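Taken together, the values in this text are just the output of simple stated rules run on the coordinates, not laboratory data. Everything numeric in this text was worked out from a predicted model, so none of it was measured. Cβ atoms come from the backbone with ideal geometry, glycine included; neighbour counts cover every protein chain shown.
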Amino acid sequence: MTAFEHPELLWGLLLLPLVWQMFRFARARRRALLARFIHEAHWPALAGSVWERARRWRRRLLVLALLFAVLALTGPRLGTELLEVERVGADLVIALDISRSMLAEDFKPTRLEEAKRAIQSLLAGLKGDRVGLVAFSGAATIMCPLTSDYNATLLFLEMAVPVYIPQPGTNIGDALLLSARLLEGEGDRDQAVILITDGEDHAGEVDAQLSELAGRGIKVYAVGIGSSEGSLIPEYDQGGGLRGYHKDRSGELV
């Protein structure tokens, strides 16, 4: 982009041809006066110390200097103009279920990894929005506060595994409560909670929390993950080897 602070001064460029003609007229007049006193054939002997080529370059440089002077007076503005624009984005809290059932393999490699891939795709499409991360199973914890640093969010996302919260179960109400706390006092930005889980709530507080969030204008989007057929829940030993599948108290496979 090119712009001038005083574009009206560009009319000064019309002076350049006039100045150049004045220099030519002065040179011709000087030669005419000299011809009155001496024949042109004798000029080199009488005016040999005059370097005519240097005179020509001086005239050209003077015209060029005048050109740059006029351009400088116009106040040129070259390049890209940066404008500060206020952007009002959204605040999103992702509430991710990391209970043991998320290790089920009806999504490969697991439901939890499939959920993480979906979150990574979501973050890749955001611009200017802030994201927080809450992980939950039988209890909930804040893993990442609201931030526009998506790389930091991804780092905490990798740490979200079932052993991070050893308490079993699925407490969706607690997850919604912590999500609401993250969104407190954040002004007029749009707010939403994205709930990702594979199971029903075990604490019975979902309705109360949903009512509170709705009263504050916070939207809740629930994303269920898992196949309609269901899947067994693998259990691993300390070395990462499969040792069997999770059973209930009566010894039945869950």
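Test of understanding: ordering 231, 179 by Cβ neighbours within 10 Å, fewest first, what list do you get?
231, 179
Taking the highest mean first, how do the peptides 208-219, 135-146 order by number of other beta carbon atoms within 10 angstrom per residue?
With the highest mean Cβ count within 10 Å placed first, the list reads 135-146, 208-219.
Pulled fully out, how much extra length does the chain show between residue 73 and residue 20, if you take 0.36 nm times their separation in residues and subtract their Cα-Cα distance?
17.1 nm
Output wanted: per-residue J couplings in Hz (rounded whole) for the stretch 122-137, from phi through Karplus 6.51 cos²θ - 1.76 cosθ + 1.60, θ = phi - 60°, x for Gly and Pro.
Calculated HN-Hα couplings, in order: 4, 4, 5, x, 8, 9, x, 7, 9, 10, x, 10, 10, 10, 8, 9 Hz.
Tell me, what is the percent relative contact order of the stretch 90-245, built from C-alpha pairs under 8 Å that lie six or more residues apart?
Here the relative contact order equals 29 percent.
What's the FRET efficiency of residue 118 with residue 249 using the Cβ-Cβ distance as r and R₀ = 35 Å, to the nearest 0.05?
Working from the Cβ atoms, E equals 0.60.
Sort 134, 93 so that the residue with the fewest other Cβ atoms within 10 Å of its own Cβ comes first and the one with the most comes last.
134, 93
So, in nm, how far is label residue 30 from label residue 4 when the simple model puts each one 7 Å beyond its Cα toward the Cβ?
Computed distance between label sites residue 30 and residue 4 equals 3.1 nm.
Of the beta bridges DSSP finds with both residues in the stretch 90-245, what % are antiparallel, to the nearest 5?
Roughly 30 percent of the DSSP beta bridges within the stretch 90-245 come out antiparallel.
How big is the C-alpha Rg of the stretch 140-236 next to the rule-of-thumb value 2.2 N^0.38 Å, as a ratio?
Working it through for the stretch 140-236, the quotient is 1.18.
Between residue 156 and residue 57, 0.36 nm times their residue separation minus their Cα-Cα distance comes to what?
28.7 nm
Add +1 for every Lys or Arg and -1 for every Asp or Glu among the other residues with Cβ under 13 Å from the Cβ of residue 73, and state the total.
In short, -2.
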